[in-house]
Amino acid sequence: MNPTQSLIKDLAEKYGRKRENLLPILQGVVKQEKYLSEYSMVEIAREIDIPAAEVYGTATFYSFLEAKKMGKYVIRVCRTITCAMKGKTQVIFAIQDMLKIKIGETTPDGRFSLLETNCLGWCHKAPAMLINDEVYTDLTPEKVREILSAYMKKNHL
């Protein structure tokens with residue numbers, strides 16, 4: 001049994017092998033492996049005895065369940081109208097300029113991925129973004145450059 005199969009078996013034992021337990025199992029795989037590979041989705045389907053298409057449909061519906069390999073640091077910029085009105089576009093341009101990637105891409109070294117996502121719940125401090133589980137608010141292009149510089153230094157230690 002490979003590590004992915006073991007992980008899925010453990011998650012199925014923890015949460016149960018019913019259709020309603022699919023989401024926590026998917027979340028557990030993402031937490032451990034950082035994304036849902038096609039292989040892991042097929043293994044989940046086999047383990048809890050539901051069609052693979054149902055696993056894939058559920059996985060792709062939720063914005064925090066990535067179906068492709070992501071960078072070490074996943075940057076999610078809020079795409080709501082509130083963030084847009086408060087400068088989200090300039091924030092995204094600053095990120096793209098600094099990392100040389102577009103939305104949906106990962107840097108060639110695998111360190112950063114850039115995504116837009118639905119509301120992060122920080123409209124009162126817009127624009128907002130997440131880097132992995134860390135929230136950043138009241139963003140400006142300058143603030144974003146400082147934040148990303150700190151993450152870039154973390155990788156070189």
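Some values worked out for this structure:
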item: Exclusive hit being farther than 18 Å from GLN5 by Cβ, of a type in the set (S, T, N, Q), over 20 Å from the mean Cα position of the chain (by Cα) and in the same structural domain as GLU142 (by TED's automatic domain parsing), set GLN96, GLN90; result: GLN90
item: Every residue from the range 56-77 that is of a type in the set (D, E, K, R) and outside any loop (DSSP other than H, G, I, E, B); result: ARG76
item: Number of the condition not met by GLY104 [criteria: (1) without any contact (Cβ under 8 Å) to a residue 40 or more places away in the chain; (2) at positive phi; (3) surrounded by 14 or more Cβ atoms within 10 Å (Cβ to Cβ)]; result: (3)
item: Some residue of the range 63-74 being within 30 Å of VAL144 (Cα to Cα), in contact with a strand residue (DSSP E or B) (Cβ under 6 Å, 6 or more places away or on another chain) and touching a residue at least 60 places away in the same chain (Cβ under 8 Å); result: yes
item: Some residue of the range 63-72 being among the hydroxyl-bearing types (Ser, Thr, Tyr) and either crowded, with 16+ Cβ neighbours inside 10 Å or more than 17 Å from the chain's Cα centre (by Cα) (or both); result: no
item: Filter result (surrounded by 18 or more Cβ atoms within 10 Å (Cβ to Cβ) and more than 16 Å from the chain's Cα centre (by Cα)) within the range 48-62; result: ILE48, VAL55
item: Scope the range 13-55; condition in a loop (DSSP other than H, G, I, E, B), over 20 Å from GLU66 (Cα atoms) and among the aromatic types (Phe, Trp, Tyr); matching residues; result: none
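Okay, residues lined up against (1) within 15 Å of VAL91 (Cβ to Cβ); (2) crowded, with 18+ Cβ neighbours inside 10 Å; (3) touching a strand residue (DSSP E or B) at 6+ places or on another chain (Cβ under 6 Å); (4) not small (Gly, Ala, Ser):
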position: PHE112; (1), (2), (3), (4): yes, yes, yes, yes
position: THR117; (1), (2), (3), (4): yes, no, yes, yes
position: GLY121; (1), (2), (3), (4): no, no, no, no
position: PRO127; (1), (2), (3), (4): yes, yes, no, yes
position: LEU130; (1), (2), (3), (4): yes, yes, yes, yes
position: ASP138; (1), (2), (3), (4): yes, no, no, yes
position: PRO141; (1), (2), (3), (4): yes, no, no, yes
position: ARG145; (1), (2), (3), (4): yes, no, no, yes
position: ALA150; (1), (2), (3), (4): no, no, no, no
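The values are calculated or read from the model by the stated rules, or taken from the named source; none is laboratory data. This structure is a prediction, so every number in the text was calculated from the model and none was measured. Here the Cβ is made from the backbone with ideal geometry for all residues, glycine too, and neighbour counts use every protein chain on show.
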